[in-house]
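Heads up: the structure comes next, in structure tokens.
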Amino acid sequence: MRLTTKGRYAVTAMLDLALHADKGPVALADISERQGISLSYLEQLFAKLRRNELVTSIRGPGGGYQLSRSSQAIHVAQVIDAVNESVDATRCHGKTGCQQGDTCLTHHLWCDLSKQIHNFLSGISLADLVAQREVRDVASRQEERVSSQKQSEQQPVERIDASSLT
């Protein structure tokens, strides 16, 4: 079973958006900074998420993205599907050409597993994830890290007079 970076990053970014939904629209640059995902990659993902009506964009100062509906109504499987990702345990991508064009012996087993995984992810909403203490703890640590980085960037650099070193 393989879930590529695209699906993982889309879920991570949507969870970040859900965690910060109470603060209004969230800038992709903020998600990028907190999650370590490149801004250009997030822009590509959010174009797909917007087309699939999972997010809406707000233009102008203070703009950004917000969930298009409640976090309870958006499920992990929907996010993965929106970015054209599949959770597929087969080698043939479910097309029955596993073994020199024929169905392999375990094809149906792996197809059933793929369906089970999709069903599992369909039962987990963003709100379910936000409600998990571990998720909130990680989000708090990320906020602290970003905040301390910004503070250290704003600290004036102490200059040393070279003549005092002799």
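Considering only residues in the stretch 1-30 that are touching a Phe, Trp or Tyr at 6+ places or on another chain (Cβ under 8 Å) and in a helix (DSSP H, G or I), the one that is most open to solvent (accessible area, probe 1.4 Å) turns out to be Y9.
Number of residues in the stretch 111-122 that are of a type in the set (S, T, Y) and open to solvent by less than 40 Å² (accessible area, probe 1.4 Å): the value is 1. Only residues that are under 13 Å from L129 (Cβ atoms) and either without any contact (Cβ under 8 Å) to a residue 24 or more places away in the chain or within 9 Å of the chain's Cα centre (by Cα) (or both): list them for the stretch 6-27, please. V11, T12, A13, M14, L15, D16, L17 - these are the residues of the stretch 6-27 that are under 13 Å from L129 (Cβ atoms) and either without any contact (Cβ under 8 Å) to a residue 24 or more places away in the chain or within 9 Å of the chain's Cα centre (by Cα) (or both).
Taking the stretch 88-110 as the range and being within 28 Å of the chain's Cα centre (by Cα) and at pLDDT 85 or above as the test, only W110 passes.
For the stretch 82-110, a residue qualifies if it is in a helix (DSSP H, G or I), in contact (Cβ under 8 Å) with a residue 12 or more places away in the chain and open to solvent by 30 Å² or more (accessible area, probe 1.4 Å), and exactly one does: W110. Among the residues making up the stretch 67-81, a single one is hydrophobic (A, V, I, L, M, F, W, C) and either without any contact (Cβ under 8 Å) to a residue 40 or more places away in the chain or assigned to a loop (DSSP other than H, G, I, E, B) (or both): I74. Residue by residue through the stretch 45-81, note down the ones that are open to solvent by less than 20 Å² (accessible area, probe 1.4 Å), more than 19 Å from T4 (Cα to Cα), out of contact with any Lys or Arg (no Cβ under 9 Å at 6 or more places or on another chain) and not small (G, A, S). V55, I74 - these are the residues of the stretch 45-81 that are open to solvent by less than 20 Å² (accessible area, probe 1.4 Å), more than 19 Å from T4 (Cα to Cα), out of contact with any Lys or Arg (no Cβ under 9 Å at 6 or more places or on another chain) and not small (G, A, S). Screening G36 on (1) open to solvent by 20 Å² or more (accessible area, probe 1.4 Å); (2) touching a Lys or Arg at 6+ places or on another chain (Cβ under 9 Å) shows it passes everything except condition (2). Of the residues making up the stretch 58-66, none is assigned to a helix (DSSP H, G or I) and at pLDDT 95 or above.
The values are calculated or read from the model by the stated rules, or taken from the named source; none is laboratory data. Please read all numbers here as calculations on a predicted model, not as lab measurements. Because the Cβ atoms are built from the backbone with ideal geometry, glycine has one as well, and the counts that use them run over all protein chains shown. To get the accessible areas, we keep the full protein, side chains included, count just its heavy atoms, and leave off ligands, DNA and RNA. Shrake-Rupley method; radii C 1.70, N 1.55, O 1.52, S 1.80 Å.
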